[in-house]
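What follows is a single structure, written as structure tokens, with notes after it.
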Amino acid sequence: MLHTIRQKLLAASAAVLVLVVGGTGMGVWSMERLGTALDASDQAGDILQNHMQADMIHDALRADVLSAIVGQSGQYAIDQATVRSETAEHAAEFRAAIERNRQLATAPDMQAVLGDLVQPLQDYSSAASAIVERIGRGETIAQPALDDFLKRFDVLAGRMETASTAIDAMVARENQRADGVQSFSQRILLALMGVGVVFSAGLAAFVALAISRPIRLLSITMRALAKGDLDERLQGADRRDEVGEIARAVGDFQSFLGDQARREATEAETRQRHERESLHRQSALDNAKAEDLRAFVGLVETSFARLSAGDLTVRMGEAVAPEFEPIRAEFNRAVVQLETTIGQVVSAVGAMRSGLSEITVAAGDLSQRTEQQAANLEETVAALGQVTRGVGETAQRADAARQSASTACREAERGGEIVGRAVSAMAEIEQSSARIGNIIGVIDEIAFQTNLLASRSSRSTETRTPATASFVPEHRDENAGHREL
């Protein structure tokens, strides 16, 4: 069985070779037969031509004899020598023509017919030559000799007619044979042409159905695969030829692409699921961070509100997110430091009040102070006024810190910016606390000098002057200012 295209093509090539060789052989055979028939026809034509020439010479010999007889009568000027020469020439040509026909004729019946002409021809030509010779010698030809000559003419004429009939039949037969060979050759060639046409059509149909169509279907399938259509139905995979092998290879490739597409789809689905889970976790984390931020901002807002209200005991005690823990600790530390600083300020002010009270008591005893001492005391009071103004500035700065805390609390809703401003506010509070510490140091120094001055004044025995009396109300006013602070 022919399963593969290679086997089918080899079989088709063998068939084409057989057809070509057979057609060529039949053509050569037909040409040979036709050539043989044509040669035979030509040979028959030559025989017919020679026979017609012999028939004319047959009549010419009789005319030569009659010319010699007529020339003997003296009525016509006929050269007997010429007649004898022509008679001999005609007799020789007659025999040569018959001999050529005998050599050309190959058929036994034709050989027999031509053989029957030899003896009558010999008798006829001999009689004609004898009569012409006798007339040339001046002899008179008797009637019996002429009758014998004419009898031999008739015999030869009969044989010539028989030969003509046989030659005509042979020519007709050879022509018919040549026509038959030609007709047969034409039929053979037409048959070979028909076989060639049918074979060519079959070969074209075989190529179209067994090669072109499956390959075209495969090309359609492969174009569909190239476009990503992996569900395209594969055709020709059940064939047992090369097209089937290609189709099965394409099927394997289609399966590979399908598996790869499924793997990619699975991987894409897994990746999308992981991305969704990651986004969900990130969203939950962002929500948690936002919730932690809102809680922390609320805590900061509450704490700064209490701090701005003057509550120095406020602390961020609630738990916050780890990223906000440093801010909570810094806030608590700053508030503790602020509370400590304010406590120190209050203590210092209390000490100042106590010192001022002692100064007032001691000043009552300063009756004998000199004007210079009163002036010094006035300067001291002026210094105390500056201290008071410094304490007022400190209070203003504390109020500014409270306002900064309030601003930071209001802006805490903006996220990280609020926290930054809160840290800046606490830093400013720390700076203010440092300044207050410096002021407290100055106040301590002033209190020390005042106590020292009071101790000196208590030892003075001078009576109170009007200047000292005017100092007491001013000092009382300053004490009232400190009490208000």
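Couple of notes before you dig in:
- Conditions (1) in contact (Cβ under 8 Å) with a residue 12 or more places away in the chain; (2) over 30 Å from Val16 (Cα atoms); (3) part of a helix (DSSP H, G or I); number of the one not met by Ile141: (3)
- Verdict on Thr266 being β-branched (Val, Ile, Thr) and surrounded by 11 or more Cβ atoms within 10 Å (Cβ to Cβ): no
- Remark: pairs (first residue in the stretch 67-96, assigned to a helix (DSSP H, G or I); second residue of a type in the set (Phe, Trp, Tyr) and modelled with pLDDT under 80; Cβ separation under 6 Å; 6+ apart in sequence or on different chains) = Val70/Tyr76.
- The one condition in (1) within 18 Å of Pro120 (Cα to Cα); (2) surrounded by 14 or more Cβ atoms within 10 Å (Cβ to Cβ) that Leu19 fails to fulfil: (1)
- Selection status of Ala172, in contact with a helix residue (DSSP H, G or I) (Cβ under 9 Å, 6 or more places away or on another chain), surrounded by 14 or more Cβ atoms within 10 Å (Cβ to Cβ) and within 30 Å of Gln122 (Cα to Cα): no
- Filter result for Gly115 (within 13 Å of Ile69 (Cα to Cα), small (Gly, Ala, Ser) and surrounded by fewer than 15 Cβ atoms within 10 Å (Cβ to Cβ)): no
The values are calculated or read from the model by the stated rules, or taken from the named source; none is laboratory data. Because the structure is predicted, anything quoted here is derived from the model rather than measured. No Cβ is skipped: glycine too gets one built from the backbone with ideal geometry, and neighbour counts run over all protein chains shown.
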